[in-house]
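Working notes, beginning with the structure itself.
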Amino acid sequence: MIIGLDHIGIALDNIEELGSFLENVLGIPLTGIEKVPERKLKVAFYPIGETDLELLEETGEGSTIAYFLKSRGNGLQHLAFQVDDIDKAVEYMKSKGIEFIEDKPKKGARSRRIIFMKPECTGNILMELSQCE
């Protein structure tokens, strides 16, 4: 069911500062920046092996990371696990008592289908399932 760790989401009030550090100090190349209007986010991707660092910056009030930034500030926001069939993974996890923030998977960055588990079910760590289309 879980193929691997897809990405580590890092919420930031400005992605350029950490992005510059990743590129100029650590030598990790930027592979793309995209806007996700449905979630009011700008997202930058920095690959490390098979996993990406996903830098998240809000682009408007009510973004999906607004509460996180307001309450915690910049920092690690979530872990995303790649799955081969998100619908089957959700069904299986629900059978194990896992609850999800959304009712069903939605479109995320890179046209992937994503869904977030409620942190109360995962040791207070926000976790995402992600399926490449």
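Shape verdict for region 1-72, please, from the Cα gyration tensor: rounded (a/c under 1.5), prolate (a/b greater than b/c) or oblate.
Since a/c reaches 1.5 but b/c is at least a/b, the shape of region 1-72 is classed as oblate.
Go through Leu41, Tyr67, Ile2 and say which Cα lies farthest out towards the positive end of the charge dipole of the chain; charges sit on Cβ, +1 for Lys and Arg, -1 for Asp and Glu.
In the chain, that residue is Tyr67.
Once you have the Cα-Cα distance between Glu17 and Met1, take 0.36 nm times their residue separation minus that, and quote the gain in nm to one decimal.
Result: 2.2 nm gained on full extension.
In Å², what does the accessible area per residue of the chain work out to with a 1.4 Å probe?
Value for the chain: 57 Å² per residue.
Any chance you could run the full-extension gain for Leu76 through Glu99? It's 0.36 nm times the residue separation minus the Cα-Cα distance, nm to one decimal.
6.1 nm
Suppose R0 equals 41 Å; then what is the FRET efficiency for Val25 and Ser111 from their Cβ-Cβ distance, rounded to the nearest 0.05?
About 0.85, to the nearest 0.05.
Taking the DSSP beta bridges in the chain as the whole, what percent of them are antiparallel, to the nearest 5?
75
Roughly how far apart, in whole Å, are the Cα centres of region 64-85 and region 101-128?
9
Give me Rg/Rg_expected for the chain, where Rg uses Cα atoms only and Rg_expected = 2.2 N^0.38 Å with N residues.
Working it through for the chain, the quotient is 1.03.
When the accessible area of the chain is split by element with a 1.4 Å probe, what percent falls to carbon and sulfur?
Using a 1.4 Å probe with all protein chains present, the chain comes out at 51 percent carbon and sulfur.
The values are calculated or read from the model by the stated rules, or taken from the named source; none is laboratory data. Nothing here was measured: the structure is a model prediction, and the numbers come from that model. In this analysis, Cβ positions are derived from the backbone assuming ideal geometry, glycine residues included, and neighbour counts consider all displayed protein chains. Keep in mind that these areas ignore ligands, DNA and RNA; they rest on the heavy atoms of the full protein, side chains included. Shrake-Rupley method; radii C 1.70, N 1.55, O 1.52, S 1.80 Å.
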